[in-house]
1. By count of other Cβ within 10 Å, fewest leading, how are 52, 155, 181 ordered?
2. Once a ≥ b ≥ c are taken as the square roots of the eigenvalues of the Cα gyration tensor of region 1-109, is the result rounded (a/c under 1.5), prolate (a/b larger than b/c) or oblate (a/b not larger than b/c)?
3. Kindly state, to the nearest 0.05, the FRET efficiency for residue 83 paired with residue 22, given R0 = 22 Å and r defined as their beta-carbon distance.
4. Between residue 40 and residue 113, how high is the FRET efficiency from 1/(1 + (r/R0)^6) when r is the Cβ-Cβ distance and R₀ = 35 Å? Nearest 0.05.
5. On C-alpha positions alone, give me the angle between the axis of helix 82-93 and the longest principal axis of the chain, in degrees, nearest 10.
6. Per-residue counts of other Cβ atoms within 10 Å, averaged by peptide: what ranking do you get for 164-171, 89-96, highest first?
7. Going by how many other beta carbons lie within 10 Å of each one, how would you line up 197, 33, 99, 185, fewest first?
8. Can you put 32, 115 in order, fewest other beta carbons within 10 Å first?
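Read-outs: derived from the displayed coordinates by stated rules, not from any lab. Because the structure is a prediction, the values reported are computed rather than measured. Please note: Cβ atoms are built from the backbone with ideal geometry, for glycine as well, and neighbour counts cover all protein chains shown.
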């Protein structure tokens, strides 16, 4: 696998696609982040462009309560008040938010469903990579189910339901199980990475309680990863 190291001078390419706002009220936004857009500003001032700075041009009080990796697309909830941010952060912290992802991985997964529980920790010499570590890693759990198996090349479309929210959890769990995500420049071998033009990981469903009313809100994305595959 290609060695990835942390480059403090890396400038993120500009993302032409804008985030889509799918719901808005005085307290929250639900948005769909495109692949290639940071969730929050990078350390370098030249990497300030991101989801939250774009949203703040119209909603100045917008604040993140969770993140998606730059290369991951999909649904996110954003707070517009301090009270909403605190309440939504509590729901994420206490694992009350239901999140579902879809991914395209290399290989035909042997089991139709199961769980992945490799403990994860930051791989500090090779930031931003994470690694499996049974001695010091934090407990990490992902449930998966296979939606479809494709051929030429062998690809599995899977649904993922993370119980924990570790950095790069889904990418590394699938890689460690032997089925790296297509287009994953961090964990997939080069020939697997080039099978897709982007990371084939999308946050497709989000369910949480409204921070003010307490009503259960549920959102699903119409975006279909299979539209990006040449073998379907």
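1. Values: 52 20, 155 25, 181 29.
Ordered from fewest to most neighbouring Cβ atoms within 10 Å, 52, 155, 181 come out as 52, 155, 181.
2. Working: a/c = 1.80, a/b = 1.26, b/c = 1.43.
Since a/c reaches 1.5 but b/c is at least a/b, the shape of region 1-109 is classed as oblate.
3. Working: r = 22 Å, r/R0 = 1.00.
Here the calculated transfer efficiency is 0.50.
4. It comes to 0.60.
5. 30 degrees
6. Values: 164-171: 19.6, 89-96: 12.9.
The most tightly packed comes first, giving 164-171, 89-96.
7. On the way: 197 10, 33 29, 99 22, 185 14.
Final ranking by Cβ density, sparse to dense: 197, 185, 99, 33.
8. Numbers: 32 22, 115 12.
Exposure proxy ranking, most exposed first: 115, 32.
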